[in-house]
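Q: What follows is a single structure, and I will ask about it in a moment.
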Amino acid sequence: MATGVLSLERAAIPLDRARRALLVGLSRSAIARPLVTRRDQRIRLQALAGVALAVVLTLLAPGVLFVLGPALFGVAHVASDVRYLALRRDLPRRWTTALAAGCLALLALRGLEMALPGRWPFAATEVGLGWAWAFSGVCAGVAASRSPLAIRRALVAGPVILGLTIAALARPTLARTVFAHLHNLVGIGLWLLLFRKGRRFALPALTLLALAVVFCVSGRALPHVHFGGPGAARFVDEMVFAWPAWMPHRTALGIGLAFVLLQAVHYNVWLAWIPQEDLRCEGTLSFRMSLRSLVRDLHPVWLGLTVLLALGVVAASLVDVHRTRQLYLSLASFHGYLELAAGAFLFVRGS
């Protein structure tokens, strides 16, 4: 494993040279220099461009986003969840154990549901366990801080989570569908609450995203969407039949468009925006520095397993992309509750 990492570092040397030449050239431009030297300016432009690209692709190729997003970025963004919400945070050992136990419990529950469908109220068990895990994050955050500010934050987050827990348990199957769509907003919320210090820099991207989501959900985007591309037919079928029969097909498709849009932005948040926010410097890391940081955070063995898993998902997608996507989304569903639980802890404690 160490030999493989060393080989990757050597392979990255030409890339770093090209990167340095590009940055030197950009720094000579009065327009581009702030993007090289100031993180806020760089992230603002990157976020705005990322949202704009996601909007365009949602209109032109929703099926491609629907199937290729999880295949290419799914495993990597789950690993980023773990990295930036747990591994790079100074966490009490008990809470680290609780995070690991929650991930394993929800992963095992989905595995049992796939093996023994209909033998247990899996939906109710999952939402009960997931939201209880999120509420435990609030309690653990208070215990880890014990400051008046942490208690005030807990009094804000706790009732909200309890209310959502009661609503989810009342309609667990529908709650899982809703959470699968809305959890993409959790990453954006965590970015703003925990990582983005100057929130005004996020306003252009967030304004564009909000307008695009309203445009999609309202159904006004449908006449402008190209439904003839790869994966589009499967996208339409899954989005229509994912919801109860009382929901109009037009509304279901609009929600589906918002889903693929927010999913693309969600991947951007975890793979680009938050990693840059977490840097201690204003500049960007070289390829070799990024590799060393990954090895330090994940350990070579876990990093190797993550890469193999990501490549396995890509390879399986080449054989049966739709089945692979469904399998990935089912088994990786724990990460939405991980974001809630870890985010609640960091918010209440004060990051």
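The values are calculated or read from the model by the stated rules, or taken from the named source; none is laboratory data. Given the structure is predicted, the values throughout are model-derived calculations rather than measurements. Reconstructed Cβ throughout: ideal geometry from the backbone, glycine too, with neighbour counts over all protein chains shown. Just so you know, the surface numbers come from the protein's heavy atoms only, side chains and all, with ligands and any DNA or RNA stripped out. Shrake-Rupley method; radii C 1.70, N 1.55, O 1.52, S 1.80 Å.
Q: Report whether or not L85 is on the phi < 0 side of the Ramachandran plot and exposed (fewer than 14 other Cβ atoms within 10 Å of the Cβ). Break it down stepwise before answering.
A: Numbers: on the phi < 0 side of the Ramachandran plot: yes; exposed (fewer than 14 other Cβ atoms within 10 Å of the Cβ): no.
Criteria not met by L85.
Q: Here's a check for you: in segment 280-291, which residue that is surrounded by fewer than 16 Cβ atoms within 10 Å (Cβ to Cβ) and touching an Asp or Glu at 6+ places or on another chain (Cβ under 9 Å) is farthest from R88 (Cα to Cα)?
A: Selected residue: E282.
Q: May I pose another question? In segment 30-45, which residues are over 31 Å from the mean Cα position of the chain (by Cα) and surrounded by 15 or more Cβ atoms within 10 Å (Cβ to Cβ)?
A: We begin by selecting, within segment 30-45, every residue over 31 Å from the mean Cα position of the chain (by Cα); these are 30-31.
None - no residue of segment 30-45 is over 31 Å from the mean Cα position of the chain (by Cα) and surrounded by 15 or more Cβ atoms within 10 Å (Cβ to Cβ), so the list stays empty.
Q: With the condition being closer than 22 Å to W191 by Cα, I'd like the helices (runs of 4 or more DSSP H) fully within segment 1-77 carrying at least 3 qualifying residues.
A: Of the helices (runs of 4 or more DSSP H) lying wholly inside segment 1-77, those with at least 3 residues that are closer than 22 Å to W191 by Cα span 33-37, 39-60.
Q: Has segment 174-190 got any residue that is more than 22 Å from E339 (Cα to Cα) and out of contact with any helix residue (DSSP H, G or I) (no Cβ under 6 Å at 6 or more places or on another chain)? Spell out the reasoning first.
A: Start the filter on segment 174-190 by keeping residues that are more than 22 Å from E339 (Cα to Cα), which leaves none.
No, segment 174-190 has no match at all.
Q: Which one of the conditions (1) open to solvent by 60 Å² or more (accessible area, probe 1.4 Å); (2) closer than 30 Å to D320 by Cα; (3) in contact with a Gly (Cβ under 7 Å, 6 or more places away or on another chain); (4) not aromatic (F, W, Y) does G118 fail to meet, given that it meets all the rest?
A: If we test G118 against (1) open to solvent by 60 Å² or more (accessible area, probe 1.4 Å); (2) closer than 30 Å to D320 by Cα; (3) in contact with a Gly (Cβ under 7 Å, 6 or more places away or on another chain); (4) not aromatic (F, W, Y), just (3) comes out false.
Q: Just the residues that are out of contact with any Lys or Arg (no Cβ under 8 Å at 6 or more places or on another chain), at pLDDT below 90 and under 25 Å from L194 (Cβ atoms), please, taken from segment 295-328.
A: Scanning segment 295-328 gives V295, R296, H299, W302, L303.
Q: Give me the residue from segment 168-206 that is free of Cβ contacts under 8 Å to residues at least 60 places away in the same chain and under 14 Å from the mean Cα position of the chain (by Cα) and, out of that set, most open to solvent (accessible area, probe 1.4 Å).
A: The extreme case among them is L182.
Q: Quick one: count up the residues across segment 296-310 that are in contact (Cβ under 8 Å) with a residue 60 or more places away in the chain, surrounded by fewer than 18 Cβ atoms within 10 Å (Cβ to Cβ) and within 25 Å of V186 (Cβ to Cβ).
A: 2
Q: Among the residues of segment 20-29, what is the count of those that are open to solvent by less than 80 Å² (accessible area, probe 1.4 Å) and out of contact with any helix residue (DSSP H, G or I) (no Cβ under 7 Å at 6 or more places or on another chain)? Talk me through it step by step, then tell me what you get.
A: Going through segment 20-29, the residues open to solvent by less than 80 Å² (accessible area, probe 1.4 Å) turn out to be 21, 23-27, 29.
Now narrow it down to the ones that are out of contact with any helix residue (DSSP H, G or I) (no Cβ under 7 Å at 6 or more places or on another chain): 21, 24-25, 29.
Summing the residues that are open to solvent by less than 80 Å² (accessible area, probe 1.4 Å) and out of contact with any helix residue (DSSP H, G or I) (no Cβ under 7 Å at 6 or more places or on another chain) in segment 20-29 gives 4.
Q: Can you find a residue in segment 8-28 that is within 18 Å of the chain's Cα centre (by Cα) and not β-branched (V, I, T)?
A: Applying the first criterion (within 18 Å of the chain's Cα centre (by Cα)) to segment 8-28 yields none.
Within segment 8-28, none of the residues are within 18 Å of the chain's Cα centre (by Cα) and not β-branched (V, I, T).
Q: Shifting gears a bit: Spot the failing condition for A98; the list is (1) part of a helix (DSSP H, G or I); (2) open to solvent by 50 Å² or more (accessible area, probe 1.4 Å), and only one is missed.
A: That leaves (2) as the condition not met.
Q: Restrict the check to segment 329-348 and report whether at least one residue is at pLDDT below 90, of a type outside the set (A, V, I, L, M) and open to solvent by less than 50 Å² (accessible area, probe 1.4 Å).
A: Quick first cut of segment 329-348, residues at pLDDT below 90 only: none.
No, that holds for no residue.
Q: For R220, work out the one condition from (1) free of Cβ contacts under 8 Å to residues at least 40 places away in the same chain; (2) under 21 Å from the mean Cα position of the chain (by Cα) it doesn't fulfil.
A: Every condition holds for R220 apart from (2).
Q: Does segment 1-59 hold any residues that are closer than 30 Å to H226 by Cα and basic (K, R), and which are they?
A: Scanning segment 1-59 gives a single hit, R44.
Q: Of (1) more than 18 Å from the chain's Cα centre (by Cα); (2) touching a residue at least 24 places away in the same chain (Cβ under 8 Å), V313 satisfies all except one. Which?
A: Every condition holds for V313 apart from (1).
Q: Separate question: Could you pull out the residue among R89, R83, R110 that is outside any helix (DSSP H, G or I), in contact (Cβ under 8 Å) with a residue 12 or more places away in the chain and not β-branched (V, I, T)? Break it down into steps so the answer makes sense when it comes.
A: Details: R83 fails: outside any helix (DSSP H, G or I); R110 fails: outside any helix (DSSP H, G or I).
Result: R89 is the single residue among R89, R83, R110 that is outside any helix (DSSP H, G or I), in contact (Cβ under 8 Å) with a residue 12 or more places away in the chain and not β-branched (V, I, T).
Q: Next up: Among what's in segment 243-261 and is open to solvent by 10 Å² or more (accessible area, probe 1.4 Å) and of a type in the set (A, V, I, L, M), pick the residue that is farthest from R220 (Cα to Cα). Show your work before the answer.
A: Residues of segment 243-261 open to solvent by 10 Å² or more (accessible area, probe 1.4 Å): 243-251, 253, 255, 259.
Retained after the next criterion (residues that are of a type in the set (A, V, I, L, M)): 245, 247, 253, 255.
Values: A245: 22, M247: 17, L253: 11, I255: 11 Å.
Out of the qualifying residues, it is A245.
Q: Within segment 65-88, does at least one residue satisfy the condition of being over 17 Å from the mean Cα position of the chain (by Cα) and not polar (S, T, N, Q)? Break it down into steps so the answer makes sense when it comes.
A: Of segment 65-88, the ones over 17 Å from the mean Cα position of the chain (by Cα) are none.
No, because not a single residue in segment 65-88 is over 17 Å from the mean Cα position of the chain (by Cα) and not polar (S, T, N, Q).
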